[in-house]
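*Asks:* Encoded as structure tokens, here's the structure I'll be asking about.
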Amino acid sequence: MRLVVTGVVGSGKSTFIRSVSEIAAIDTDRQATDQTAKIKSKTTVAMDFGRLQFAPGMALHLYGTPGQSRFDFMWDLLIRRAHAYILLVDAHRPSNFQSCCQLLSFMEQRVQIPRIIALTHMDCQGAWSTENVAIALGFANKYKRPPIVTLNANHRDSAIEALIVLVQQFMKRQAD
């Protein structure tokens, strides 16, 4: 099963994949040279890759996208072959919510596959509540929004819990 982990710069995509991967995660991190350097020293320029044996006969291949929109050609390549995806949203940077909306729109224009939203950095000062982030992302109606979970990308158990929700969404879609 191919899963895409996407989100803006600094939302935790690479950390998430490193947390759950049973193999040494493959990354394409390079020195950040643009505005990204203000947030972190290195950034993904192509993709991250990890693998997790989720159940007997079910391996999850995790593909992390770059966060900058200038690499949207990679977003396109990765999402078109995905079975499901997870959007990481940094809850304490509301200035990025518009970019998250644009990323969601980009994905939805290309595929109609199961997805969840995972809120990261909820423990940081200034983090918005789940409900307020959902509304900011355009999901005011609780019954028409994708599942929204809280995620600490540094903690394997938290990342696996998010993956369980995503796989459940995939299985539900397959049953319908």
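*Asks:* Is it the case, given these coordinates, that Phe73 is of a type in the set (A, V, I, L, M, F, W, C), in a helix (DSSP H, G or I) and in contact with a helix residue (DSSP H, G or I) (Cβ under 9 Å, 6 or more places away or on another chain)?
*Replies:* No, not satisfied.
*Asks:* Considering only residues that are in a strand (DSSP E or B) and either under 13 Å from Ile17 (Cα atoms) or touching a Leu at 6+ places or on another chain (Cβ under 8 Å) (or both), which ones fall in segment 54-70?
*Replies:* Those that are in a strand (DSSP E or B) and either under 13 Å from Ile17 (Cα atoms) or touching a Leu at 6+ places or on another chain (Cβ under 8 Å) (or both): Phe54, Ala59, Leu60, His61, Leu62, Tyr63, Gly64.
*Asks:* Taking the criterion of being at pLDDT 95 or above, in contact with an Asp or Glu (Cβ under 8 Å, 6 or more places away or on another chain), buried (at least 20 other Cβ atoms within 10 Å of the Cβ) and farther than 18 Å from Phe54 by Cβ, would at least one residue in segment 127-135 satisfy it?
*Replies:* No - not one qualifying residue is present in segment 127-135.
*Asks:* Name every residue in segment 125-157 that is in contact (Cβ under 8 Å) with a residue 40 or more places away in the chain, out of contact with any strand residue (DSSP E or B) (no Cβ under 8 Å at 6 or more places or on another chain) and in a helix (DSSP H, G or I), in order of residue number.
*Replies:* Ala136, Arg156
*Asks:* Ok, one more. Considering only segment 112-123, I want to know if a residue exists there that is among the small types (Gly, Ala, Ser), under 24 Å from Ser14 (Cα atoms) and either free of Cβ contacts under 8 Å to residues at least 24 places away in the same chain or in contact with a Phe, Trp or Tyr (Cβ under 7 Å, 6 or more places away or on another chain) (or both).
*Replies:* No: zero hits.
*Asks:* To continue, here is another question. Please work out which one of (1) at pLDDT below 95; (2) surrounded by fewer than 18 Cβ atoms within 10 Å (Cβ to Cβ); (3) not charged (D, E, K, R) is the condition Val167 fails and give its number.
*Replies:* All conditions are met except number (2).
*Asks:* Within segment 148-159, restricting attention to residues that are surrounded by fewer than 18 Cβ atoms within 10 Å (Cβ to Cβ), more than 13 Å from the chain's Cα centre (by Cα) and not basic (Lys, Arg), which residue is nearest to Pro114 (Cα to Cα)?
*Replies:* Asp157
*Asks:* Let me ask something else about it. Determine whether Leu78 is buried (at least 18 other Cβ atoms within 10 Å of the Cβ) and assigned to a helix (DSSP H, G or I).
*Replies:* Yes; evaluated as a whole, the condition is true for this residue.
*Asks:* Can you confirm whether Leu78 is of a type in the set (A, V, I, L, M, F, W, C), farther than 18 Å from His155 by Cα and within 13 Å of the chain's Cα centre (by Cα)?
*Replies:* yes
The values are calculated or read from the model by the stated rules, or taken from the named source; none is laboratory data. Model, not experiment: these values are computed from the prediction. Neighbour counts run over all protein chains shown; Cβ positions are idealised from the backbone, glycine included.
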